[in-house]
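The values are calculated or read from the model by the stated rules, or taken from the named source; none is laboratory data. Here the structure is a predicted model, which is why all the values come from computation and not from measurement. We place every Cβ from the backbone using ideal geometry, glycine too, and count neighbours over all the protein chains shown. To get the accessible areas, we keep the full protein, side chains included, count just its heavy atoms, and leave off ligands, DNA and RNA. Shrake-Rupley method; radii C 1.70, N 1.55, O 1.52, S 1.80 Å.
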Amino acid sequence: MKRFWHDNALTIVLMLLFLLFWTAQALSGWAVHNQELQDAHQHLLTLGAYLRSAHFWSATAENWESEFLQMAAFVVLTVYLRQRGSAESKPYPEEETQEDREQEKRDSQVKGFWQRNSLSLVLFALFGASMLTHLLNSWKDYNLAEMAQGKTAETLGQFLHEPEFWFESFQNWQSEFLAVATIVALTIFLRQIGSSQSKGLTEPNRKTGDA
């Protein structure tokens with residue numbers, strides 16, 4: 001167990017935090033949704049029923065969608081674009097070490113589309129799956145709310161013309177790219193001792209990369 005913790009501590013802690021906050025989301029979302037149902041004179045949901053509901057999965061996938069989009073986009077953009085001085089950018093050619101150039105040469109010899117692009121492909125696939133889950137559950141939740149008011153349910157095509165789904169998506173997408181742009185820019189000037197996401201404390205602001 002000690003070896004497992006030593007080798008996987010960062011992933012373990014991040015996943016525990018994910019589960020903690022996902023549980024908090026579920027409990028608070030359950031309370032919010034039941035309040036909405038009570039106001040509409042509808043039957044309240046048990047926690048188990050809420051965890052299977054479109055309301056819960058729409059909210060969950062809405063956030064996963066934006067996270068996977070920003071990670072996938074960032075992975076691809078950093079292949080082609082650089083930011084002078086940022087710890088989140090590849091170094092410029094004149095800053096590359098001999099070891100960097102040798103690694104690039106070895107990488108260029110690897111064949112196969114999957115091997116060369118597996119990280120971005122999986123991240124974009126996770127984005128697509130999350131967006132589809134968000135769309136279908138948001139559509140279902142929207143129709144349930146409409147029918148509770150005596151209105152007619154919409155088809156998926158009609159729902160795509162409604163602003164609600166796009167508002168839910170864009171409000172998360174913009175925040176993700178703001179967060180990434182912020183860390184790219186801040187790592188030019190600011191440091192965090194011991195972090196892999198920071199340059200060394202004595203490195204000049206103009207140095208690109210964290211190595």
_Additional length obtainable on full extension of the chain from THR23 to VAL110, 0.36 nm per residue less Cα span_ = 27.1 nm
*Specify the inter-centroid distance of region 14-47 and region 131-169, based on alpha-carbon positions, in whole Å.*
19 Å
*What nm distance separates the two modelled labels at ASN63 and VAL32, each placed 7 Å from Cα along Cα→Cβ?*
0.9 nm
*Which of these, SER120, SER108, SER28, has the largest mean-square fluctuation under a Gaussian network model of the chain (Cα springs below 10 Å)?*
SER108
_Mean separation of Cα contacts under 8 Å, 6 or more apart, over the residue count of region 21-173: relative contact order %_ = 33 percent
*So, counting K/R as plus one and D/E as minus one, what does the shell of residues with Cβ under 14 Å around ALA72 add up to?*
-3
*What whole number of Å gives the distance from the Cα centroid of region 174-193 to the Cα centroid of region 72-107?*
17 Å
*Determine the order of HIS134, HIS43 by accessible area, beginning with the largest, at a probe radius of 1.4 Å.*
HIS43, HIS134
*Virtual spin-label span in nm between VAL75 and ALA181, 7 Å along Cα→Cβ*: 2.3 nm
*Percent of accessible area on region 110-152 owned by carbon and sulfur, 1.4 Å probe?*
66 percent
*Would you mind computing, in nm to one decimal, how far apart the modelled labels at GLU94 and SER196 are, each placed 7 Å from Cα along Cα→Cβ?*
3.0 nm
_Mean ellipticity per residue at 222 nm, deg cm²/dmol - from DSSP H runs of n ≥ 4 across the chain, formula -39500 (n - 2.57)_ = -24500 deg cm²/dmol
*Expressed as a whole percentage, what fraction of the accessible surface of region 1-61 belongs to carbon and sulfur atoms when a 1.4 Å probe is rolled over the protein heavy atoms?*
71 percent
_Residue of LYS151, LYS140, LYS111 that the Gaussian network model of the chain assigns the largest fluctuation, springs spanning Cα pairs under 10 Å_ = LYS111
*So what is the accessible area of region 70-211 per residue, in Å², with the probe set to 1.4 Å?*
66 Å²
*Which of VAL32, VAL180, VAL76 moves the most in a Gaussian network model of the chain with Cα springs under 10 Å?*
VAL32
*In degrees, nearest 10, range 0 to 90: what is the angle between the Cα axis of helix 2-39 and the longest Cα principal axis of the chain?*
30 degrees
*Candidate values (i) 9, 38, 39, 13, 1; (ii) 7, 22, 29, 21, 13, 7, 1; (iii) 8, 35, 37, 17, 3, label of the one derived for P(r) over Cα pairs in 10 Å bins from 0, in percent*: (ii)
